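Report on the structure given below.
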Amino acid sequence: MKRSVLIVALLMVAIFCTPLMAFEAIPADKLKVAWLYNGPIGDGGWTYMHDQGRLDVEKAFPGVTTMYVESVPEGPDSVRAMENFIRNGAKLIFATSFGYMDYVQEAAGRHQDTIFMHCSGFKRAHNVGVYFGRMYQSRYLTGLVAGSMTKKNVIGFVAAHPIPEVIRALNAFALGARHANPNVKIKVVWLFSWIDPGKEKEAAKALIDAGADVLGMHANTGAVPQAAEEAGVYVIGYNNDMSKYAPTKHLTAPIWNWGAVYKYTVGKVIDGTWEPEDIWWGLKEGMVDIAPYGKDVPESVKELVESERQRIVSGKWDVFEGPIKDNQGKVRVEKGQKLTDQDLISMNWLVEGVEGELPK
């Protein structure tokens, strides 16, 4: 009996202590990399910026072959798209939306020798890594601008889905706005969609009708800036510099530089050092930033933003440090404390100054 127990114990150690499968180096001229997009590359926002990152890879690694498919629903069709990539020789696949998470796990389970990277998710495997950016840092900076520029102390925010990624963005934006102007209130309209130009524009109009003279957004197209321009109110874009949609009213935008993580990952695959990790880079690493300022943003506001940026980049302070109350008056982060990354990726409450409740 004792011998049997010992054998079982040794087997368990062998199973659980065995290193993860190593992936051999793939020369650049032999590597095919694929991107799975949930929207069109012409959306001017989320997918457009991911595709700019793909083009950055082509410039940095001339021998690498890239491929992509756009407007793939976050459902079983995504598995079929990934299977097609693999049939065409892809050894590295980037899935660029949260809703692909379980489908990435399904495809990765069947193709153990293919590397997958999932954007904004939290499920890893031996051949699946995850990546995102600390966009909340840029959201905070642009909130400073919004709070400084409102005259009515009412800011509107067009929000996609009530999930932690969007809630975190909204909260960081609100914290920035109220740091600049403690009297600000933020009104929210939820879209329950990532990309729907018609709904985005109608949401923007509803917020303007409710008194907002500055708009923020977590939506994928230029519809919100267009509505702001038409109504003569200021707007903070998202994903990309959206000033072309609101040439006189665009103040700035929190923007992505996906090329930073795409080039890093492709380099790891080429030299054979890739391993599954949770990449979450911010302002310091250049993965997120803000767009150029509109002509109406005063120098004093730019100086405030730069001062706060330096606090974040230095590592001495980050956005979700206390004291922070929720919009019901409960202290969520005590003075001298800060939220952990786990707290941030599971955020399900709204900060003080944001009106309303999270949808069930």
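Please tell me if G232 is among the small types (G, A, S), over 15 Å from the mean Cα position of the chain (by Cα) and crowded, with 18+ Cβ neighbours inside 10 Å. Lay out the reasoning, then the answer.
Details: among the small types (G, A, S): yes; over 15 Å from the mean Cα position of the chain (by Cα): yes; crowded, with 18+ Cβ neighbours inside 10 Å: no.
Judged against the criteria, G232 is not a match.
Only one of (1) part of a helix (DSSP H, G or I); (2) of a type in the set (D, E); (3) within 26 Å of H50 (Cβ to Cβ) is not met by D241, so which one is it?
If we test D241 against (1) part of a helix (DSSP H, G or I); (2) of a type in the set (D, E); (3) within 26 Å of H50 (Cβ to Cβ), just (1) comes out false.
Within region 273-294, can one find any residue that is more than 24 Å from G133 (Cα to Cα) and either surrounded by 13 or more Cβ atoms within 10 Å (Cβ to Cβ) or in contact (Cβ under 8 Å) with a residue 24 or more places away in the chain (or both)? So that I can check it myself, show each step before the final result.
Taking region 273-294 as the starting set, the residues that turn out to be more than 24 Å from G133 (Cα to Cα) are 294.
From the residues that got through so far, the ones that are either surrounded by 13 or more Cβ atoms within 10 Å (Cβ to Cβ) or in contact (Cβ under 8 Å) with a residue 24 or more places away in the chain (or both) too are 294.
Scanning region 273-294, I find at least one residue that is more than 24 Å from G133 (Cα to Cα) and either surrounded by 13 or more Cβ atoms within 10 Å (Cβ to Cβ) or in contact (Cβ under 8 Å) with a residue 24 or more places away in the chain (or both), so the answer is yes.
Pull out all pairs, ordered by first then second residue, where Cβ-Cβ is under 7 Å, the residues are six or more apart or on different chains, the first lies in region 95-111 and is among the hydroxyl-bearing types (S, T, Y), and the second is buried (at least 22 other Cβ atoms within 10 Å of the Cβ) and assigned to a helix (DSSP H, G or I).
Taking only residues 6 or more apart or on different chains, the pairs are T96/H50; Y100/S78; Y103/S78.
Among residues belonging to region 174-231 that are in contact (Cβ under 8 Å) with a residue 60 or more places away in the chain, assigned to a helix (DSSP H, G or I) and among the hydrophobic types (A, V, I, L, M, F, W, C), point out the one that is farthest from R139 (Cα to Cα).
V224
For the structure I just gave you, tell me whether K316 is over 30 Å from D29 (Cα atoms), surrounded by fewer than 21 Cβ atoms within 10 Å (Cβ to Cβ), over 17 Å from the mean Cα position of the chain (by Cα) and at pLDDT below 95.
yes
Quick check on this structure: which one of N88, N127 is in contact with an Asp or Glu (Cβ under 8 Å, 6 or more places away or on another chain) and in the same structural domain as V69 (by TED's automatic domain parsing)? Working first, answer last.
Working: N88 fails: in contact with an Asp or Glu (Cβ under 8 Å, 6 or more places away or on another chain).
Criteria check complete, one pass: N127.
Examine region 48-66 for a residue that is in a strand (DSSP E or B) and either of a type in the set (A, V, I, L, M) or more than 25 Å from the chain's Cα centre (by Cα) (or both), and state whether such a residue exists. Give the derivation first.
Here is the first cut: in region 48-66, the residues in a strand (DSSP E or B) are 65-66.
From the residues that got through so far, the ones that are either of a type in the set (A, V, I, L, M) or more than 25 Å from the chain's Cα centre (by Cα) (or both) too are 65.
Yes, region 48-66 contains at least one residue that is in a strand (DSSP E or B) and either of a type in the set (A, V, I, L, M) or more than 25 Å from the chain's Cα centre (by Cα) (or both).
Quick one: what pairs do we get from region 314-330, first residue in contact (Cβ under 8 Å) with a residue 60 or more places away in the chain, second of a type in the set (V, I, T), C-beta under 8 Å, 6+ apart or different chains?
Hits for this filter: D318/I312; V319/I312; F320/V333; I324/V331; I324/V333; I324/V351.
So which strands (runs of 3 or more DSSP E) stay within region 110-159 end to end and still have 1 or more residues that are surrounded by fewer than 22 Cβ atoms within 10 Å (Cβ to Cβ) and over 23 Å from the mean Cα position of the chain (by Cα)?
Details: elements: 115-119, 128-133, 154-159.
Those strands (runs of 3 or more DSSP E) span 154-159.
The values are calculated or read from the model by the stated rules, or taken from the named source; none is laboratory data. Only a predicted model underlies this, so the values are computations on that prediction, with no experimental measurement involved. Using ideal geometry, Cβ is built from the backbone for each residue, glycine included, and neighbour counts are taken over all protein chains shown.
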